[in-house]
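Asker: Would you mind keeping the following structure in view while I ask a few things?
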């Protein structure tokens, strides 16, 4: 790669070889060479910028899902479930960090297979959520609201044979909650084990280690 300083250093040497830089033909030749070196330098810089931009867009592509992925997700989630849950942080209206609760969930496929409707009961409260497939962004998205006033959106995608959920939530006091959950499915689809980490306003909560068992697929 040539810089403008390199071009400047080359000009006197070229002038000596050509005899005189005062002639129009020699000046034109040197100008063309300088322009060529500038363009080459610019193109290399542009290529580097494009490569960096590509690297930053990879994570977004990795979170994409197909409609077939969504259909698989629906079948994995539907049914009635009983869970052993430990709150990793305070959830307004539901419980406090460290509370161990027995939870229940009922999840149904609705609207001719285009959505999941879920109901959750655990601790001191409840929650309702809707999961659908956004064809434009190619994402499986899940929207919750709890009886305590917390709302959140979670994006699901499959990675290395496991489901990954990226959550962004807002508590009634305006505090922001973020988490990444890993769902491992076993026992012919009837056991769901969740692991992951979360933060509230950047402060880390406890590790999530929840286990749910499907008691009915209806």
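The values are calculated or read from the model by the stated rules, or taken from the named source; none is laboratory data. All of these numbers come straight from a predicted model, not from anything done at the bench. Positions of Cβ are backbone-derived with ideal geometry, glycine not excepted, and every protein chain shown enters the neighbour counts.
Asker: Filter the range 121-139 down to the residues that are part of a strand (DSSP E or B) and closer than 21 Å to residue 212 by Cα and list them by number.
Answerer: Within the range 121-139, the subset part of a strand (DSSP E or B) is 121-122, 125-134, 139.
121, 122, 125, 126, 127, 128, 129, 130, 131, listed by residue number.
Asker: Every residue in the range 83-112 that is over 23 Å from residue 191 (Cα atoms), assigned to a loop (DSSP other than H, G, I, E, B) and free of Cβ contacts under 8 Å to residues at least 40 places away in the same chain, please.
Answerer: 96, 111, 112
Asker: Could you tell me which of the residues 115, 76 is under 19 Å from residue 166 (Cα atoms), in contact with a helix residue (DSSP H, G or I) (Cβ under 9 Å, 6 or more places away or on another chain), touching a residue at least 12 places away in the same chain (Cβ under 8 Å) and surrounded by fewer than 19 Cβ atoms within 10 Å (Cβ to Cβ)?
Answerer: 115
Asker: Go over the candidates 121, 133 one by one and state the one that is at pLDDT 95 or above, in contact with a strand residue (DSSP E or B) (Cβ under 7 Å, 6 or more places away or on another chain) and either within 28 Å of residue 174 (Cβ to Cβ) or outside the structural domain of residue 82 (by TED's automatic domain parsing) (or both). Outline the logic, then answer.
Answerer: Values: 133 fails: either within 28 Å of residue 174 (Cβ to Cβ) or outside the structural domain of residue 82 (by TED's automatic domain parsing) (or both).
When all the criteria are applied, what remains is 121.
Asker: What's the number of the condition residue 205 fails, among (1) more than 16 Å from residue 150 (Cβ to Cβ); (2) more than 18 Å from the chain's Cα centre (by Cα)?
Answerer: The failed condition is (1).
Asker: Just the residues that are assigned to a strand (DSSP E or B) and crowded, with 18+ Cβ neighbours inside 10 Å, please, taken from the range 140-156.
Answerer: Restricting attention to the range 140-156, the residues satisfying the condition of being assigned to a strand (DSSP E or B) are 140-146, 151-156.
Result: 140, 142, 144, 146, 152, 154, 155, 156.
Asker: Now for a separate question. Determine if the range 171-184 includes at least one residue that is assigned to a strand (DSSP E or B), at negative phi and more than 19 Å from the chain's Cα centre (by Cα). I'd like the intermediate steps shown before the answer.
Answerer: Initially, the range 171-184 is screened for residues assigned to a strand (DSSP E or B), giving 176-184.
Keeping just the survivors that are at negative phi gives 176-184.
Subsequent filtering for residues that are more than 19 Å from the chain's Cα centre (by Cα) retains none.
The answer is no, given that none of the residues of the range 171-184 is assigned to a strand (DSSP E or B), at negative phi and more than 19 Å from the chain's Cα centre (by Cα).
Asker: OK, next. State whether one or more residues within the range 160-176 are surrounded by fewer than 14 Cβ atoms within 10 Å (Cβ to Cβ) and touching a residue at least 60 places away in the same chain (Cβ under 8 Å).
Answerer: yes
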